[in-house]
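What follows is a set of notes on a single structure, which appears directly below.
Readers should treat all values here as calculations from the given coordinates under stated rules, not as data from a laboratory. It should be emphasised that the depicted structure is a prediction, and the values quoted were computed from it without experimental measurement. Cβ: placed from backbone, ideal geometry, glycine included. Neighbour counts: every protein chain shown.
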Amino acid sequence: MFDRMASVNNDSNRTRVAVKLTLDDGSMLSGEFVITGHGDLQSYLNGDRTFYLFESAQGGLCYVSKDTIRRIDPVVMKAADQLDRAMVRAERFDPFQVLGIDRNADREAVRAAYHERVKAYHPDRISALSLPPEMVDYSAAMLSRINAAYEQLGH
């Protein structure tokens, strides 16, 4: 069963679908289902497989048992151009929200939040995880927003 699916790395006909899984034990996994062949996520999940090939956000491949999955939430990411358009509309751009901080945050809290976000969204880091190009584009757009938020707060 696993030998047949292990050839996924050589299969040029595969689709990746970003999801957040909630398992029976309450733990959560973020990553992508790797769908081989033709079909969508729903067809893939409703097939006769017992295990699904899953690549975690940290980059590790694993098999997830159908019986352990409690919930699947698709991850819909905004395209990089949508983030850029939102940044241009200054009335919707909230630097505190972008940095994930309270409006009363002191200088050190702003600086710490900035560095934390830069580390999480840096395109070089995302590229090193071998994620799809749209993820790299998204992280670059987010990094632009993070830098703009930090500059807007005068730091």
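Pulled fully out, how much extra length does the chain show between residue 42 and residue 15, if you take 0.36 nm times their separation in residues and subtract their Cα-Cα distance?
Full extension of this stretch gives 8.5 nm more.
Shown for 32, 108: other C-beta atoms within 10 Å of each C-beta, ranked fewest to most, produce the order 108, 32. Full extension of the segment from residue 112 to residue 72, taken as 0.36 nm per residue of separation minus the current Cα-Cα distance, would add 11.1 nm. The distance between label points at residue 105 and residue 61 comes to 3.9 nm (points 7 Å beyond Cα on the Cα→Cβ vector).
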